[in-house]
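First the structure, in the form of structure tokens, and then the observations on it.
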Amino acid sequence: MKIKTFPYMIKQGLTGIWRNRGMSLASITTVSATLMILGLIITLVLNINGIAYMLQSQFDTVQLYLEEDIAHEEITDIGKEIGAIDGVSYVEFETKEEALDNLKEQWGDQGYLLDTLEDNPLPDSYIVHVENIETADSVVDELRKLDGIDEIKYYQDIIDNLLRIAGFVRTIGFALIMILILIAMFIISNTIKITLNARRQEITIMKYVGATNWFIRWPFVIEGMLLGFIGALIASGVVYFAYQSVFDIITTRLYVLFSGYMVTTQDMMTNVTIIFLIIGCGVGILGSIISLRKHLKV
């Protein structure tokens, strides 16, 4: 396609969209719906993965609660045994008094409520820092063999469950996206077919006067690309405002729990918009090419 003919191709593509407004609207709606579902899946997967990986970095520790009334010498021996286990980076001892002070700090303005306790219910504990989160399971297995341990607090189950959920969302989402992409391609292909049928006589005349196959094809390819592009823009706008609303609600009402784990709207939409535009235009172009290959006999 020559540069000087580009305005003509764009004009013809826009004319085809306007001429078949009903089918064009159906095409744009289908592409938008497909990409909006894709956006939902992307936001879920990225945030779930983000939570999982941040938990890995923040909770690469195992906390061992010691039995009550254990002798000081036994506590020291347990600490030495823990430090000798392969995969342990270092060990911290936390007294029940320190644990209560930390809990008060975590409670913030409500920490004064803990001052009403007659006895400190928290046990002494060891905080075990593992060298690598992947080897934490083997470290925990060794820790369970130690005497004097009342309970082991370990976060790996939470991390594994989050990663499994993310994998499940990706698998189901991929299947849905493939089905919707095929539907979008089918509708766009039919939109192009209607334009082809309406212009069949014009195309025949163009061939007689020497127009090349691609000179005839380009307006239809651009039409399909524009349909996908418009659908992608609409989907990007909807996903942006929806995600921003959810992000604002979570960060204002549940700040302490979730805000630090969520992907920001700017970071999310930078990737999502690029993906949407590539997929939207790609689906439109493919739908046009399929229609042209089967129905444009030139």
Here's a check for you: in region 51-86, which residue that is in a helix (DSSP H, G or I) and at pLDDT below 80 is surrounded by the most Cβ atoms within 10 Å (Cβ to Cβ)?
ILE51
Among the listed residues ILE3, ILE17, ILE10, ILE28, which satisfies the condition of being closer than 30 Å to PHE215 by Cβ and modelled with pLDDT under 70?
ILE3
What's the total number of residues in region 118-148 that are among the charged types (D, E, K, R) and at pLDDT 80 or above?
6
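The values are calculated or read from the model by the stated rules, or taken from the named source; none is laboratory data. Just so you know, these numbers come straight off a predicted model, no measurement behind them. Methodologically, a virtual Cβ is constructed for each residue, glycine included, from the backbone with ideal geometry; neighbour enumeration extends over all protein chains shown.
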